[in-house]
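Novice: The structure's right below; bear with me while I get my questions together.
The values are calculated or read from the model by the stated rules, or taken from the named source; none is laboratory data. Note that the structure is a prediction, hence the values are computed from the model and not measured. Every residue, glycine as well, gets a Cβ built from its backbone with ideal geometry; the counts of neighbours run over all protein chains shown.
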Amino acid sequence: MIIAGVLSGCNQTLPGAPTGNPTVGECHLIVSPEQFGAVSEPGPPVACAEPHTAQTYKVTQVPAPLSGQGTRPGQQELKALTARLCDVTSLRRYLGAGERDGTTGLAIAGYAPSRADWERGARALRCDVLLAADDGTPRTTTLDFKDVLAGPDAAALRLCYRQELADGRFSDAGVDVPCTEPHTAEDISAWFNLESSVATPAARTARCLPYALQFLGVDALPAGITQRPIIRTVNGAHTVRCAVAPLQSNVLPSNVLPSNVQSSPGTFTGTLAPARGQKRD
């Protein structure tokens with residue numbers, strides 16, 4: 001999973017709510033480029049059941065020696081601090097992500113106290129998670145991100161792939177999509193380099209099998225579920241991304257698929273991940 005750190009733009013503070021005492025779990029509606037890119041974000045919280053673009057997943061304190069400065073540090077120092085303290089590990093814990101849960105469309109933004117709040121002694125750093133479009137622009141949502149990957153709305157954040165079907169065979173490559181969109185395979189967060197030992201499809205599926213079983217929470221691959229590894233090429237480097245899918249999802253009867261999966265010819269929507277703590281039959 002790649003998370004984009006988004007803390008850029010002008011070093012300014014807009015008037016608004018106090019920024020010195022943020023709280024984990026609060027949601028925010030950040031819509032303007034000035035708000036999104038500012039060092040501080042003084043917008044008041046909104047109810048998470050209402051449209052919002054960000055949710056605070058971590059609050060931490062600015063460490064020494066920066067915390068000892070009477071004047072708020074500059075933008076570059078705060079950007080470097082955000083990249084270090086607003087970490088992916090804490091985010092995945094907040095999302096309720098398991099080891100095999102791949103995600104897509106997320107960004108991290110970090111906000112420091114305003115200049116005035118800093119001078120009053122505030123040192124809290126707010127780390128937000130945002131649902132982002134392909135260009136990094138935040139998208140509104142009504143999701144509560146706390147433990148979302150362990151609940152019924154997980155498909156909105158899970159990484160899936162849409163492959164081309166030609167001559168009855170799916171392509172090895174696939175386009176990244178959230179699992180709420182029609183797709184042909186679901187990522188299981190196990191990637192490795194494409195090398196001679198996994199040059200054949202059989203070798204790739206054998207390598208991916210333990211991860212597929214862990215993702216599905218089973219001891220043997222269920223009937224009606226297959227593996228469909230994706231090959232991704234970036235700057236000449238080839239990577240295998242392990243993935244699972246319904247076997248011939250265009251002809252599977254509905255009673256073979258989990259209740260949170262809907263199939264249509266060639267594609268399906270939803271997630272094959274079992275409810276957290278349950279094993280698939």
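Novice: Of the residues 113, 138, only one is in the same structural domain as residue 48 (by TED's automatic domain parsing), out of contact with any strand residue (DSSP E or B) (no Cβ under 6 Å at 6 or more places or on another chain) and of a type outside the set (S, T, N, Q); which?
Specialist: After ruling out the rest, the residue left standing is 113.
Novice: Given (1) buried (at least 18 other Cβ atoms within 10 Å of the Cβ); (2) in contact with a helix residue (DSSP H, G or I) (Cβ under 7 Å, 6 or more places away or on another chain), where does residue 161 come up short, assuming only one miss?
Specialist: With (1) buried (at least 18 other Cβ atoms within 10 Å of the Cβ); (2) in contact with a helix residue (DSSP H, G or I) (Cβ under 7 Å, 6 or more places away or on another chain) applied to residue 161, the lone miss is (2).
Novice: Testing residue 91 on (1) at pLDDT 95 or above; (2) on the phi > 0 side of the Ramachandran plot, one condition comes back false. Which one is that?
Specialist: (2)
Novice: Would you confirm whether any residue within region 144-152 is without any contact (Cβ under 8 Å) to a residue 60 or more places away in the chain, within 28 Å of residue 20 (Cβ to Cβ) and basic (Lys, Arg)?
Specialist: No, the conditions are met nowhere in region 144-152.
Novice: I would also like to ask the following. Can you work out which of the residues in region 239-258 that are in contact with a Gly (Cβ under 8 Å, 6 or more places away or on another chain) and in a loop (DSSP other than H, G, I, E, B) is modelled with the highest pLDDT?
Specialist: 247
Novice: Go through 236, 224 for me and flag whichever is touching a Leu at 6+ places or on another chain (Cβ under 6 Å), at pLDDT below 90 and not aromatic (Phe, Trp, Tyr).
Specialist: Values: 236 fails: touching a Leu at 6+ places or on another chain (Cβ under 6 Å).
After ruling out the rest, the residue left standing is 224.
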